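Everything below concerns the one structure shown next.
The values are calculated or read from the model by the stated rules, or taken from the named source; none is laboratory data. Every value quoted in this text rests on a predicted model; they were computed, and no experiment measured them. With ideal geometry, Cβ positions are generated from the backbone for all residues, glycine too; neighbour counts draw on all protein chains shown. These accessible areas exclude ligands, DNA and RNA; they are computed on the full protein's heavy atoms, side chains included. Shrake-Rupley method; radii C 1.70, N 1.55, O 1.52, S 1.80 Å.
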Amino acid sequence: MGKPETIVEKIWNKHVVHAEEGKPDLLYIDLHLVHEVTSPQAFEGLRLNNRTVRRPDLTYATVDHNVPTRNRDIIKDEVAKKQMETLKNNCKEYGIPLADMYHPDQGIVHVIGPQLGLTQPGKTIVCGDSHTSTHGAFGALAFGIGTSEVEHVLATQSIWQERPKTLNVKVEGNLGPGVTAKDLILAIIAKFGVKFGTGHVIEYTGEAIRNLSMEERMTICNMSIEAGARAGLISPDETTVEFLKEREYVPKGDAFNEAAAAWLDLATDEGAVYDKTVTIQAAEIEPQVSWGTNPGMCVPVNAATPSLEEAENAEDVKRALEYMGLEENQPISSIEIDHVFIGSCTNSRLSDLQKAAAIVKGKKVNDNVRAIVVPGSFSIKLQAEKEGLDQVFKEAGFEWREAGCSMCLAMNDDVVPPGGRCASTSNRNFEGRQGNGARTHLVSPEMAAAAAIEGRFVDVREFAGAVS
Amino acid sequence: MEAIESHKGSAYPLDRSNVDTDQIIPKQFLKRIERTGFGQFLFYHWRFDDDGKMRETFSLNDNKYKEASILLAGENFGCGSSREHAPWALHDYGFKVIIAPSFADIFYNNALKNGLLPVKMDEAQVKQWMKQAEDGALELFVDLKLQTITDDNGREVAFDIPEYHKQKLLNGWDDISLTLHHEAKIEAYEKRN
C-alpha cells in the first residue's frame, strides 16, 4: 500500500496531462457542460482564432438560465432569445449535443448531468457556472469556470489549475427530525463564513453525510461555492452506485460492476491527510433562515437577527439589515413574506418537491403570498406530475412551471418586485439577486412550503402536516 | 490579451467586503453575446436608481473619482457567480488594477485572463490607502515587473503574485496558444484513457 490519499489527490493525479515546477498543472477535463449565458463569447473566440471544439463528445449543452418557465412559444425578450439561438447555432456548428427548450432532457445543467448519468465518480467536470460544485456529490472533481476558460476547454479539453488545498468538513452525529441537508449547508456557511473554503476543495465527511441521499448530497455540494470553495465533494459509496445504476450514460451490465468497483476505490483512504479539518455537530443544527445579503448571514428559525452592538462586522450587518428592511434583534418568526420560490440547482429535484408537497397538501397558500414551483428538469416535472404533486401544489395555490433556473437569478421574467420579500430554496441572497430591490431569505423546501401557507417563517418541525 | 507592465492611476475606495459579482454586473446585462460594452452597467444598482438616474450618494459617482483606474476593496472581492462579465465590466469601465485583502478564486482567475491585475494586499495597508483616497486623493504607481506599489509620497510596498501569472500578464500571452504547445501530451493522454 502506498501513502493514503484523499479522493481529491486520486482524481487530480490521474488527470494531470502536463506538470512543471512553479506552474499550475494542465488537467484533462472529462465532461464540459455548457449553457447559453457564459458560452457565446467563448465560441466567438474560437471562430476569431480559427480553432475548433476538440471533443464535442465530452461536451453537453442545455438552456436553463434564460428560458421562460411558462408560455415558451412566445419569448418576448429579444436579447435572451438571441442568446439561446446563438447556443443552438454554436452546438450545430461544432457538433455538440444540446438539450434545447423542447428536448425531453432539458433542465438546469446541474440537475440534468446527474439525472442522465453524465456525472460520474472520478470525473473532472467543468461548466461556466459556479454551482458546478453540485456534481461533487458523486465524488467528481467539479468546479465553475469563467468564459475564457470555457473557450480554453472547448479548444483543448484541458485546463490550467493550481493544485488545490484540501479541507475536510466533518459532520458528526445525525440531523434531527425535520432538519434538512439545506439547513446543514447553511449552518456550515453561517458557522465558518463565506470565504473559509477559498483556495480549497471541500470534502464533506462524517456520519450525517453518509446518511444523506444523493439528492441531499447535491444540495450540500451545490453551496460549496458560497463558502468560497470552487469545488466540494463526497467520497462515493453504495448510495452513489445505486443512484447511477441504469442511468442513460452509465455503462451497463458487467461494465457497470467494473465501473462501480473503480468508483468505490476513489473514496478517501483511511489516514489520508487534509490541509485543514473543521467539525460541526449535526444534532445541534436547527432549520435555518438567512436574514442578510450573503449566505453566511443565517440563523435558526427560532432566533432573531443580530444585535449591532454584539456584531463583529457591525457595518456589514447594518447595511444588510437596511437592504433587507429588517431591524436588529428582530425575531425571524415575525418576518412576513410575499413570495415563495421552490426551485434552483440547490433544491428542485423530485425529493425536494415531494417534501414540499407533503407540507402544503390540503392547505392554502396565504393570501399575501405568490408562490411558484419550478422543477429542475423536464423529466422531474413529468415524474412529479405522475405522482400528482402538481395537483397538490396547484390546489394549494402554487403556480406549477416548466424547468429552468427561473427566480434563483431572475434572468427570465420570474422576478421578485422591488421591496418584495421571498422565501427561496435557492443558493444566493445577494442584493438584487431575485430582482432589483428584492429581499431573499434562503431556506429548505419544507421551510419555504410552510412559509407559503403561513405568510411568515415558522418552524417546520412544529408545523401541522410536517413529516419527520 | 492586452499586456500590462505597470499602471499609474488614481484610486477609488470601495470599503465593502464580500462584493459579489451580482453587484459588479447584475444579471439583466448578461444576455448580450458580445464581450464588450459592459462598463456602463458596472455596479449598476449602486450607481443608478430605479429610474436609471445617477445616485449621488454612491461614492463612485463622485466627480473626484471620475478618472479612477485602481479599485481598492474589502476582503473576498468578486465572490459568487463565475460570470466573466464582472472583470469585463470593471476593465471596460476603466479599472486596470484591483487591490484587496483577498479575492474569490474564480474572479481572481477571470481577472487575470483579461489583463485586469488583482493585487492581494495586507488589510491594514488597503484600509490606509482607502482613507487617503477618501480624505483627499490618492495616486498609485503599480509596477508588475518589480511587484511594487508606490504612493504619492514615494513610499513603496511590495506585493506577491505567482510568477506564472505575472509572466502571462507582462507578455499578454493567450492561454490557448500556450496550451497547444502541449497538444501531443493531450493526445497521448486521450490514447491512454
Inset, instruction - Select from the range A:137-158 the residues that are without any contact (Cβ under 8 Å) to a residue 60 or more places away in the chain and in a helix (DSSP H, G or I) and write down the one among them that is nearest to the other protein chains (Cβ to nearest Cβ). - result: A:H152
Inset, instruction - With the condition kept exactly as written, say whether any residue in the range A:304-327 is open to solvent by 20 Å² or more (accessible area, probe 1.4 Å) and in contact with a Phe, Trp or Tyr (Cβ under 7 Å, 6 or more places away or on another chain). - result: no
Legend entry - Some residue of the range A:127-147 being surrounded by fewer than 24 Cβ atoms within 10 Å (Cβ to Cβ) and hydroxyl-bearing (S, T, Y): no
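Return yes or no: is B:I149 within 12 Å of chain A (Cβ to nearest Cβ) and not polar (S, T, N, Q)? Full working, then the answer.
Numbers: within 12 Å of chain A (Cβ to nearest Cβ): no; not polar (S, T, N, Q): yes.
Answer is no for this residue.
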Inset, instruction - Could you grab me the full set of residues in the range B:56-77 that are basic (K, R) and not in a helix (DSSP H, G or I)? - result: B:K66
Inset, instruction - Under 7 Å between Cβ atoms, at least 6 apart or on separate chains: pull out the pairs that start in the range A:235-263 with a residue that is in contact (Cβ under 8 Å) with a residue 12 or more places away in the chain and end on any residue that is hydroxyl-bearing (S, T, Y) and in a helix (DSSP H, G or I). - result: A:W263/A:T240
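Residue-by-condition table, conditions (1) in contact with a Pro (Cβ under 9 Å, 6 or more places away or on another chain); (2) within 26 Å of A:G228 (Cα to Cα):
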position	(1), (2)
B:N76	yes, yes
B:I98	yes, yes
B:A133	yes, no
B:D151	no, no
B:G154	no, no
Inset, instruction - Would you check if there is a residue in the range A:280-303 being touching a helix residue (DSSP H, G or I) at 6+ places or on another chain (Cβ under 6 Å), under 28 Å from B:D20 (Cα atoms) and modelled with pLDDT under 95? - result: no
Legend entry - Answer from B:L180, B:L116, B:L144 - the residue that is within 14 Å of chain A (Cβ to nearest Cβ) and touching a Lys or Arg at 6+ places or on another chain (Cβ under 8 Å): B:L116
Legend entry - Out of A:L26, A:L48, sole residue that is crowded, with 22+ Cβ neighbours inside 10 Å, within 11 Å of chain B (Cβ to nearest Cβ) and farther than 18 Å from A:M407 by Cα: A:L26
Inset, instruction - Taking B:L170 as the residue in question, decide whether it is farther than 23 Å from B:N76 by Cα, away from chain A (no Cβ under 14 Å), assigned to a helix (DSSP H, G or I) and open to solvent by less than 70 Å² (accessible area, probe 1.4 Å). - result: yes
Inset, instruction - Determine whether the range A:94-112 contains at least one residue that is touching a Lys or Arg at 6+ places or on another chain (Cβ under 8 Å), touching a residue at least 12 places away in the same chain (Cβ under 8 Å), outside any loop (DSSP other than H, G, I, E, B) and surrounded by 24 or more Cβ atoms within 10 Å (Cβ to Cβ). - result: yes
Inset, instruction - Run down A:P287, A:P251, A:P300 and say which single residue is crowded, with 18+ Cβ neighbours inside 10 Å, over 20 Å from the mean Cα position of the chain (by Cα) and not polar (S, T, N, Q). - result: A:P300
Inset, instruction - Name the single residue, out of those in the range A:10-22 being within 7 Å of chain B (Cβ to nearest Cβ) and under 11 Å from B:H182 (Cβ atoms), that is farthest from the chain's Cα centre (by Cα). - result: A:H18
Legend entry - In the range A:417-429, the residues that are open to solvent by less than 10 Å² (accessible area, probe 1.4 Å) and within 11 Å of chain B (Cβ to nearest Cβ): A:N427, A:R428, A:N429
Inset, instruction - Mind checking which helices (runs of 4 or more DSSP H) fall wholly inside the range A:344-453 and carry at least 2 residues that are closer than 20 Å to A:N71 by Cα? - result: A:378-386, A:389-396
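Listed here are the residues, each with its yes/no results for (1) at positive phi; (2) open to solvent by less than 20 Å² (accessible area, probe 1.4 Å).
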residue: A:D367; (1), (2): no, no
residue: A:A371; (1), (2): no, yes
residue: A:I380; (1), (2): no, yes
residue: A:Q383; (1), (2): no, no
residue: A:A396; (1), (2): no, yes
residue: A:A410; (1), (2): yes, yes
residue: A:V415; (1), (2): no, no
residue: A:E431; (1), (2): no, no
residue: A:G435; (1), (2): yes, yes
Inset, instruction - Would you check if A:L154 is open to solvent by 10 Å² or more (accessible area, probe 1.4 Å), farther than 19 Å from A:D352 by Cβ and not small (G, A, S)? - result: no
Inset, instruction - Kindly indicate whether any position in the range A:61-77 is at the interface with another protein chain (Cβ under 9 Å from one of its Cβ atoms) and surrounded by fewer than 19 Cβ atoms within 10 Å (Cβ to Cβ). - result: yes
Legend entry - Close pairs (7 angstrom Cβ cut-off, 6 or more residues apart or separate chains): open to solvent by 10 Å² or more (accessible area, probe 1.4 Å) in the range A:166-195, modelled with pLDDT under 95 anywhere: A:P177/A:S468; A:G178/A:A466; A:G178/A:S468
Inset, instruction - Take A:V17 and decide whether it is buried (at least 18 other Cβ atoms within 10 Å of the Cβ), within 20 Å of A:C405 (Cβ to Cβ) and either out of contact with any strand residue (DSSP E or B) (no Cβ under 8 Å at 6 or more places or on another chain) or touching a residue at least 60 places away in the same chain (Cβ under 8 Å) (or both). - result: no
Inset, instruction - Output the residue which, of all residues in the range A:201-215 that are open to solvent by 20 Å² or more (accessible area, probe 1.4 Å) and over 17 Å from A:A283 (Cα atoms), is nearest to the other protein chains (Cβ to nearest Cβ). - result: A:E215
Legend entry - Scope the range B:5-43; condition farther than 18 Å from B:F107 by Cα and either more than 9 Å from chain A (Cβ to nearest Cβ) or assigned to a helix (DSSP H, G or I) (or both); matching residues: B:E5, B:S6, B:H7, B:K8, B:G9, B:S10, B:A11, B:Y12, B:P13, B:Q28, B:G37, B:Q40
Legend entry - Residues of the range B:152-167 classified as at positive phi and within 12 Å of chain A (Cβ to nearest Cβ), total: 0
Legend entry - Test: residue in the range B:121-135 that is touching a residue at least 60 places away in the same chain (Cβ under 8 Å), under 15 Å from B:A73 (Cβ atoms), aliphatic (A, V, I, L, M) and surrounded by 16 or more Cβ atoms within 10 Å (Cβ to Cβ): yes
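Restricted to the range B:78-105, and to residues that are part of a helix (DSSP H, G or I) and open to solvent by 10 Å² or more (accessible area, probe 1.4 Å), which residue is farthest from the other protein chains (Cβ to nearest Cβ)? Explain how you work it out, then say what you get.
Taking the range B:78-105 as the starting set, the residues that turn out to be part of a helix (DSSP H, G or I) are B:85-93, B:105.
From what is left, the residues that are open to solvent by 10 Å² or more (accessible area, probe 1.4 Å) are B:88, B:91-93, B:105.
On the way: B:W88: 9, B:H91: 12, B:D92: 13, B:Y93: 18, B:D105: 5 Å.
Selected residue: B:Y93.
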